[in-house]
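Q: Dropping the structure in here first, questions after.
What follows draws every value from the coordinates through simple rules; no lab data is involved. Given the structure is predicted, the values throughout are model-derived calculations rather than measurements. In this analysis, Cβ positions are derived from the backbone assuming ideal geometry, glycine residues included, and neighbour counts consider all displayed protein chains.
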There are 2 protein chains.
Amino acid sequence: MVRLDSRDANFRQAFAALLGAKREIAEDVDEIVRGIIRDVVSGGDAALVAQTRRLDRLGDGFTAADLRVSEAEVDAAVSACPAEALDALRLAAERIETFHRAQLPSDHSATDALGVTAGWRWTALESVGLYVPGGTASYPSSVLMNAVPARVAGVPRVVMVVPTPEGQLNPLVLAAARLSGVDEIFRVGGAQAVAALAYGTETIAPVAKIVGPGNAYVAAAKRRVFGQVGIDMIAGPSEVLILADADANPDWIAADLLAQAEHDVAAQSILITDSQALADATALAVERALTTLPRAETARASWRDYGAIIVVEDLEAAIPLVDRLAPEHLEIETADPEHLAGLVRNAGAIFLGSHTPEAIGDYVGGPNHVLPTARSARFSSGLGVLDFMKRTTLLRCDPQALRALGPAAIALGRSEGLEGHARSVAIRLNL
Amino acid sequence: MVRLDSRDANFRQAFAALLGAKREIAEDVDEIVRGIIRDVVSGGDAALVAQTRRLDRLGDGFTAADLRVSEAEVDAAVSACPAEALDALRLAAERIETFHRAQLPSDHSATDALGVTAGWRWTALESVGLYVPGGTASYPSSVLMNAVPARVAGVPRVVMVVPTPEGQLNPLVLAAARLSGVDEIFRVGGAQAVAALAYGTETIAPVAKIVGPGNAYVAAAKRRVFGQVGIDMIAGPSEVLILADADANPDWIAADLLAQAEHDVAAQSILITDSQALADATALAVERALTTLPRAETARASWRDYGAIIVVEDLEAAIPLVDRLAPEHLEIETADPEHLAGLVRNAGAIFLGSHTPEAIGDYVGGPNHVLPTARSARFSSGLGVLDFMKRTTLLRCDPQALRALGPAAIALGRSEGLEGHARSVAIRLNL
């Protein structure tokens, strides 16, 4: 963890170093991924099954008939889930759905004085594939956060792929898929699953877009199939930035910093405060909380390598630092958090006041937890309903409107050396 | 040009071949681009000037002081433009602005029965760089189509880069920049311009997102800097698909097919009709029109290699073909074009009726002419105001709301093995 003070002479340099810290080691898996994709494209189900047997350590008994998870298996998984977790998932799904319903966009059409009708309409994507990691990173909450907006958008076919290493499959993941209306579930993962979703096999029909988190192989595969299908953002390690004043509770802040840090050794947790006392107390509170945290090893490494406590003279004056960090998650624990929030330009999601820990947003707040990382909140948004829809513009001229607009189009076409463009207008006006 | 008939035995195969036609030869320029970017990142202005001298064949007299195009130069360029073209540009800018103003999104906030306030707000990107190609592909209409939506979104800093091979700069491009409120113009192009926009030099401050068309070097550079900055889609060769019935005018349709084909030898123009007579007449009309078209060489190659005329029994039954082609531009020339348009899921832009040639949309219709190519209308939209904004979600719980939601968040955190998440909630509830 570094401690910075905005009044220090070397602050600009130290802050720039914090901003520039490379938190991800890009594994070069591109050649392997290229081979896997080629294999699935040419070999279809047979290649997919062979890759899956090998990479998920399944026996020869695993065949193409086992790719699809049956409704009966989902039923059985739901029955096996603890009631408390199922209830919590149900509450989360409802709240996520309500929030995302408000994102449904409106169509538009207007006819102007010239008689030109112009507008657009939104349509859902025809199909979406949702990648769900296997093993310990197999999070039911992520299934909801990806599948519910797709369903709200009206995507008629939502497909989920999830690897089952040694045959293991988290029943809560299946329950989340059921709750959010996933239509098809396949037990495949890795680059081979991405290839199947992009190009299709005998058993898995291709989709229009692939979303969801994954390891380096999945990320490389998504980059590689982009164009053939749409993809969502490639998520980096998680981040939280907390703005807090002297009245904030250092133990609560420490808990929030560690809730990020426990995700990944490359996660980043930063506190910016105008209180030296809070800075000192929080540093101690983090150490205290680490002593009993189950994932302390991960959290400690993250906090040690990428954590920061920055003392500033004035929180308002610190807003430019926030905009440069462009955090995935921004917590504001001050008396009037809305005031500071209103000054921020770049953040994925903002959590207002001391009773809104970021973890509420991870699960049951309603907003999406898939958010831009690695400073990309400067130019991108969290996942939402619009990511599962697309806009088609519409234009209609009647003969009179074409007479009014045509000469300008002809002039511009000719000025750009595109006589064919000009002629396609002129021929209709006998010009 | 291929002629297909949906009643032919081999139609499915022939249509699949048309769909799968690779129209782009991907030049492998990635290594060169990587070197150029590294050079600009480490060398700043000096590297940028050296690259520009060499690649745009400018003399040693070209220095960093010449990078920025002055207001006086823009004034002089505007004075040098023909009045007719300027008037047409002005009309186009006004219409594009009116159309895009309707795309400005709304913020949202709602407080539910539990006392949770959740919503989002949209903010403009802090800065945008617009790449404009030089030479013959330097289109003033593209400047408007990129810069006007950025300005409507409220982007406070819009930067344009344009190469000036042998010092040449199209005065209409500068006029379009002036009309659409571009703030800074630099005479640089290629991967070196993209690098400067992404990482900044002494003279060019970095931007948050880079948009606009370019050659293979520009496309590769945009891909490479993605993440550091946002980028728009990578545009492929242009396409038109025309749906027309027996009443359509074959000469008009031929003109529209060639208006696409004249763009690029890799452009694609397709007619789908339920009239054998129209199919035959259009094939002849294309040949006739080619004899006098200035860009006939390009248009002829595109039509020969990628053009198609498809006869179907019934236009409504052809809609699945349209959705699979997912054309950038779809013209519908039938008695009731709205009816067919309502059945289409995948298209970038639809032009309704015989008096709406696609070229109207290229210039003065109002909708954006930057549209998804290469079947990507299955999962993406044309350029719009939202591409220059981003959404930040907001969440606020009061103590009572946290008590209501907290237990579910704790349960889900524990079920995912993230005890730190659970504790950040529990500590506030004394649980």
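Q: Using θ = phi - 60° and the Karplus curve 6.51 cos²θ - 1.76 cosθ + 1.60, what whole-Hz ³J(HN,Hα) does each residue of the stretch A:37-50 get, with Gly and Pro shown as x?
A: 4, 4, 5, 5, 4, 7, x, x, 3, 4, 5, 4, 5, 5
Q: Label position 7 Å from Cα toward Cβ: report the copy-to-copy distances for residue A:11 in nm, one decimal, ordered from shortest.
A: Copy-to-copy label distances for residue A:11: 7.2 nm.
Q: I would also like to ask the following. Which residue, B:384, B:59, B:366, tops the fluctuation ranking in a GNM of chain B built on C-alpha contacts under 10 Å?
A: For chain B, modelled as a Gaussian network with Cα springs under 10 Å, the answer is B:59.
Q: Given charges of +1 on the Cβ of Lys and Arg and -1 on the Cβ of Asp and Glu, with all other atoms neutral, how large is the dipole of the stretch A:221-314 about its Cα centre, in debye to the nearest 20? Present the calculation step by step, with values, prior to reporting the outcome.
A: Values: 7 positive and 15 negative charges, 160 e Å.
It comes to approximately 760 debye.
Q: Exceeding 20 Å between C-alpha atoms, which entries from my cross-link table qualify? They are A:22/A:222; A:209/A:390; B:22/B:222; B:22/B:209.
A: Long pairs (Cα-Cα over 20 Å): A:22/A:222; B:22/B:222; B:22/B:209.
Q: Projected onto the charge dipole of the stretch B:236-378 (+1 at Lys/Arg Cβ, -1 at Asp/Glu Cβ, origin at the Cα centre), which of B:283, B:299, B:241 gives the Cα projection farthest towards the positive end?
A: The residue sitting farthest along the positive end of the dipole is B:299.
Q: Choose one of B:311, B:357, B:258: the residue whose Cα lies farthest towards the positive end of the charge dipole of the stretch B:236-378 (beta-carbon charges +1 Lys, Arg; -1 Asp, Glu; about the Cα centre).
A: B:258
Q: Sticking with this structure for a sec: For a quick check, take a GNM of chain B with Cα springs below 10 Å and name the residue from B:418, B:395, B:89 with the largest mean-square fluctuation.
A: The residue with the greatest mean-square fluctuation here is B:418.
Q: Provide the percentage of antiparallel DSSP beta bridges, counting only those with both residues in chain B; round to the nearest 5.
A: Values: 14 of 50 bridges.
For chain B, the DSSP antiparallel bridge percentage is about 30.
Q: Report, in debye and to the nearest 20, how large the dipole of the stretch B:236-378 comes out about its Cα centre when Lys and Arg carry +1 and Asp and Glu carry -1 on their Cβ.
A: On the way: 8 positive and 23 negative charges, 109 e Å.
Value, rounded to 20: 520 debye.
Q: Report the label-to-label distance for residue B:79 and residue B:430 in nanometres (one decimal), using points 7 Å from each Cα along the Cα→Cβ vector.
A: 7.9 nm
Q: Which residue, B:95, B:403, B:57, tops the fluctuation ranking in a GNM of chain B built on C-alpha contacts under 10 Å?
A: Comparing B:95, B:403, B:57 in the GNM, the peak value goes to B:403.
Q: If you don't mind, there's one more thing I want to ask. Karplus couplings for the stretch A:271-288 from phi (6.51 cos²θ - 1.76 cosθ + 1.60, θ = phi - 60°), rounded to Hz, Gly and Pro as x?
A: Per-residue couplings from phi come out as 10, 10, 9, 9, 10, 4, 5, 5, 4, 5, 5, 5, 4, 5, 4, 4, 4, 4 Hz.
Q: How many Cβ atoms of partner chains, on average, are near each residue of A:91-104 if near means within 10 Å of its Cβ? Intermediate results must be reported in sequence, preceding the final value.
A: Details: counts 7, 5, 0, 0, 6, 0, 0, 3, 9, 0, 0, 7, 4, 0.
Rounded to a whole number, the mean comes out at 3.
Q: If each label sits 7 angstrom from Cα along the C-beta direction, how far apart, in nm, is residue A:71 from its counterparts in the other copies?
A: 7.0
Q: Also: Please list, in chain and number order, the residues 5+ apart from residue B:310 or on another chain whose amide H is under 5 Å from its amide H, with Hs placed from the backbone.
A: Sorted by chain and number, the residues that satisfy this are B:4, B:271, B:272, B:273.
Q: I'd like the distance separating the alpha-carbon centroids of the stretch B:362-378 and the stretch B:5-68, in whole Å.
A: Centre-to-centre (Cα) distance: 21 Å.
Q: Another one. As an exercise, use a Förster radius of 41 Å and the Cβ-Cβ distance of residue B:63 and residue B:90 to find the FRET efficiency, rounded to the nearest 0.05.
A: Working: r = 34 Å, r/R0 = 0.84.
The calculated FRET efficiency here is 0.75.
Q: Once the label point is placed 7 Å from Cα along Cβ, list for residue B:110 the distances to the corresponding points in the other copies, in nm, shortest first.
A: The projected label point of residue B:110 is separated from its counterparts by 2.6 nm.
Q: Let me ask something additional. Quick one: which residues, 5+ away or cross-chain, put their amide H under 5 Å from the amide H of residue A:186? H built at 1.01 Å from N.
A: A:69, A:160, A:161, A:162
Q: Quick one: length gained pulling residue A:246 to residue A:8 fully straight, 0.36 nm per residue minus the C-alpha distance? Walk me through the intermediate numbers first.
A: Working: separation 238, 0.36 × 238 = 85.68 nm, distance 2.03 nm.
My answer for the length gained is 83.7 nm.
Q: What does DSSP give for the protein assembly as shown in terms of the percent of beta bridges that are antiparallel, rounded to the nearest 5?
A: Values: 28 of 108 bridges.
If I count the DSSP bridges inside the protein assembly as shown, around 25 percent turn out antiparallel.
Q: What ranking do A:75-86, B:293-304 get when scored by the average of other Cβ atoms within 10 Å per residue, highest first? Walk me through the intermediate numbers first.
A: Working: A:75-86: 14.6, B:293-304: 19.2.
Highest mean packing first, the order is B:293-304, A:75-86.
Q: Shielding of A:338-351 by partners, i.e. mean partner chain Cβ atoms within 10 Å per residue?
A: On the way: counts 3, 0, 0, 4, 1, 0, 3, 8, 6, 5, 4, 6, 7, 5.
That average works out to 4.
Q: Say the dipole of chain B comes from +1 at the beta carbon of Lys and Arg and -1 at that of Asp and Glu; which of B:221, B:120, B:231 then lies farthest toward its positive end?
A: Comparing the listed Cα positions along the dipole, B:120 ranks first.
Q: Would you list B:31, B:338, A:184 from fewest to most Cβ contacts within 10 Å?
A: Ascending Cβ contact count within 10 Å gives the list B:31, B:338, A:184.
Q: When the Karplus curve 6.51 cos²θ - 1.76 cosθ + 1.60 is applied with θ = phi - 60°, which whole-Hz ³J(HN,Hα) does each residue of the stretch A:89-105 get, with x for Gly and Pro?
A: Result, ordered by residue: 4, 5, 4, 4, 4, 5, 5, 5, 5, 4, 4, 6, 4, 5, 8, 4, x Hz.
Q: Note down the magnitude of the dipole of the protein assembly as shown about its Cα centre, charges +1 on Lys and Arg C-beta and -1 on Asp and Glu C-beta and zero elsewhere, to the nearest 20 debye. Could you put the intermediate results ahead of the total?
A: On the way: 76 positive and 108 negative charges, 140 e Å.
I would put it at about 680 debye.
Q: Add +1 for every Lys or Arg and -1 for every Asp or Glu among the other residues with Cβ under 13 Å from the Cβ of residue A:52, and state the total.
A: Values: positive: A:53, A:54, A:57, A:68, A:187; negative: A:39, A:45, A:56, A:60, A:66, A:166.
So the surrounding residues net to -1.
Q: Rank the residues A:356, A:164 as a footprinting-exposure proxy: fewest other Cβ atoms within 10 Å of their Cβ go first. Could the numbers behind the result be given before it?
A: Details: A:356 28, A:164 22.
Ordered from fewest to most neighbouring Cβ atoms within 10 Å, A:356, A:164 come out as A:164, A:356.
Q: How charged is the neighbourhood of residue B:232? Take every other residue with its Cβ under 11 Å from the Cβ of residue B:232, and add Lys/Arg as +1 and Asp/Glu as -1. Walk me through the numbers before you get to the answer.
A: Details: positive: B:209, B:222; negative: B:387.
Around residue B:232, the charge tally is +1.
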